[in-house]
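I have placed the structure first, in the form of structure tokens, so that the comments after it can refer back to it.
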Amino acid sequence: MSTIFSKIIAREIPARIVYEDDLCLAFHDVNPQAPVHILIIPKKEIPRVAESTSADELLLGHLLYTAQSVAKQEGLHETGFRLVINNGPDGGETVPHLHVHLLGGRPLGWPPG
Ligand code: AMP
């Protein structure tokens, strides 16, 4: 299923892109929940992490590695940050294209709502 994120990958709609490679793209969330709120997405159309397969294992690792790399790029390495993946209705997923939220720039509460 093609989503708005596929359109961002294809440059059909604009986004504030901060990182790109062959496998993934990172861009600012349009509705930020923290001073830094960036989404890291695979270029492959995987709807959600629960629908990944064993063939996606390296890609999933690459998303996490990229997320920490972008966190450093954004100056969050010392203060800390949070990575979130929402999955399905109870998880709060609204866009069915796998994405890792990178949140930082303020203390984040726990547990989440
Ligand atoms: P989730 O609720 O985990 O599925 O997260 C989807 C995220 O995508 C939300 O935080 C939205 O604010 C964000 N979002 C939706 N459309 C866009 C867009 N066009 N550009 C950037 N972020 C978006």
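Could you give every pair whose Cβ atoms fall below 7 Å, whose first residue belongs to region 94-113 and is at pLDDT 95 or above and of a type in the set (Gly, Ala, Ser), and whose second residue is within 15 Å of the ligand (Cβ to nearest atom) and in a loop (DSSP other than H, G, I, E, B), counting only separations of at least 6 or pairs across chains?
Close Cβ pairs satisfying both conditions: Gly104/Ala34; Gly105/Ala34; Gly105/Pro35.
Restricted to region 57-89, and to residues that are farther than 18 Å from Leu108 by Cβ, aliphatic (A, V, I, L, M) and over 12 Å from the mean Cα position of the chain (by Cα), which residue is nearest to the ligand (Cβ to nearest atom)?
Leu59
List pairs: first in region 32-49 and farther than 19 Å from Gly91 by Cβ, second part of a loop (DSSP other than H, G, I, E, B) and open to solvent by less than 10 Å² (accessible area, probe 1.4 Å), Cβ under 7 Å, 6+ apart or cross-chain?
Sorted first by the residue in region 32-49, then by its partner, the pairs are Val36/Leu76.
Would you check if there is a residue in region 46-57 being of a type in the set (Lys, Arg) and within 14 Å of His99 (Cβ to Cβ)? Reasoning before the result, please.
The initial filter retains those residues of region 46-57 that are of a type in the set (Lys, Arg), namely 48.
Keeping just the survivors that are within 14 Å of His99 (Cβ to Cβ) gives 48.
The answer is yes, given that some residue of region 46-57 is of a type in the set (Lys, Arg) and within 14 Å of His99 (Cβ to Cβ).
The values are calculated or read from the model by the stated rules, or taken from the named source; none is laboratory data. Owing to the predicted nature of the structure, the values given are computational and were not obtained by experimental measurement. Counting neighbours? That spans all protein chains shown, and the Cβs are built from the backbone with ideal geometry, glycine included. Heads up: the accessible areas ignore ligands, DNA and RNA and are worked out on the full protein's heavy atoms, side chains in. Shrake-Rupley method; radii C 1.70, N 1.55, O 1.52, S 1.80 Å.
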